[in-house]
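A quick write-up on the structure given underneath.
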Amino acid sequence: MNDKKIKPESGASADAIEFHYGTGNDYFALWLGESMAYSCALWNSDDESQSLDDAQRAKIRYHCEQARAKDAQSVLDIGCGWGGVLQALVNDYGVTRAVGLTLSDSQLEWVNQLGSTKIEARLESWKDHDPDVQYDSIISIGAFEHFAKLGLSEKEKVKIYREFFTRCHGWLGARGWMSLQTVAYGNSLPKDFDQFIAKEIFPETDTPRLVEIAAGAEYLFEVVALRNDRDDYRRTLRAWFSRLKENRVQAVELKGEEEVQRFEQYLRLMAYMFEVGGLDLHRITLRKIDKPKVA
Ligand SMILES: C[S@@+](CC[C@H](N)C(=O)[O-])C[C@H]1O[C@@H](n2cnc3c(N)ncnc32)[C@H](O)[C@@H]1O
């Protein structure tokens, strides 16, 4: 396995992650829905009445299936959030051991209280992960966005992404599968939008471009499927916004008016960005190339 170290400042630090996710489990539970999934759902475009919870379950199923996780011995979820994928893996897909990585204390606490002996959550960055045995599959949803921070050059970002894919390559067994979901810059990004997000919402974070992800994975993984579901993120953000509105009194009691307004502004702005194509939402199915050519 590759033991080259990445400088800790290359992506969002644990403090920066906690700045956002540490807003509080009770607060997020008010508007994320029952799965506590904090990433784009998978909507049925023919069903306007579909619920957020149903679309989140569909997203989780999609990734478990793309990662060919059924009856796997061990699966890694990088950026496991509040554990929705880990639970599905062990409860619905017969996985023997599901390992989740997060940088957030409050998420770790939440996953630990789920109480499953088949789930192992770790407060650990992918940069420090060093498993004893190989995984059959890897899933990573909505975490890749945090791996590079604002201000790095394209070359520096690709270097980090390449390191990430090199490590995933080493952790996976022969011809292993990986299902990755990430936001990426789209084709019409307004000036200074990235600064607003990095300053107000996700410190030390820069979004990837599709070309950077591809350069990071080249010769290590083949891309088996790629879909851009940006309208699904617009719909997810609108659904979160509506739930926050429904539970606004409780949200203000928990976090105060200013904080709730900050989230409302962020949810509205992000929905607009996905609507106009300033941001894309990629779901990428990758398969390990066992004998990679040296890049
Ligand atoms: C937007 S949340 C998504 C959570 C979950 N996958 C979901 O779909 O609900 C991002 C997750 O990535 C994690 N994360 C960010 N940077 C990370 C890193 N370097 N190593 C491991 N996890 C990381 C955060 O702690 C958080 O759990």
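Per-structure values
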read-out: Positive dipole terminus of the chain, leading residue within 69, 110, 244 (C-beta point charges); value: 69
read-out: Residue-count net charge about residue 73 - beta-carbon cut-off 9 Å; Lys, Arg +1, Asp, Glu -1; value: -1
read-out: Cut-off under 5 Å, modelled amide H: who pairs with residue 100 long-range; value: 77, 120, 121, 122
read-out: Surface share of carbon and sulfur [accessible, 1.4 angstrom probe, percent] for the chain; value: 47 percent
read-out: Calculated diffusion of the chain, Stokes-Einstein form, Kirkwood radius summed over Cα pairs, 25 °C and 0.890 mPa s, µm²/s; value: 127 µm²/s
read-out: Simple Cβ-charge dipole of the chain, Lys/Arg +1 and Asp/Glu -1, about Cα centre, in debye nearest 20; value: 960 debye
read-out: Student exercise, the stretch 45-91 dipole from Lys, Arg, Asp, Glu Cβ charges, in Debye to nearest 20; value: 300 debye
read-out: Amide H within-cut-off set for residue 224, under 5 Å, with H built and near neighbours excluded; value: 285, 286, 287
read-out: Distance between the stretch 225-292 and the stretch 81-140 - C-alpha centres, whole angstrom; value: 22 Å
read-out: Shape of the stretch 71-129, Cα gyration tensor, a/c cut at 1.5; value: oblate
read-out: Distance violations [Cα-Cα > 21 Å] among 70/288; 155/291; 127/288; 59/255; 118/288; 70/159; value: 155/291; 59/255; 118/288; 70/159
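The values are calculated or read from the model by the stated rules, or taken from the named source; none is laboratory data. Bear in mind that the values here come from a model prediction, so they are computed numbers and not experimental data. Virtual Cβ from ideal backbone geometry, glycine too; neighbours counted across all protein chains shown. With ligands, DNA and RNA removed, areas are computed over all heavy atoms of the protein, side chains included. Shrake-Rupley method; radii C 1.70, N 1.55, O 1.52, S 1.80 Å.
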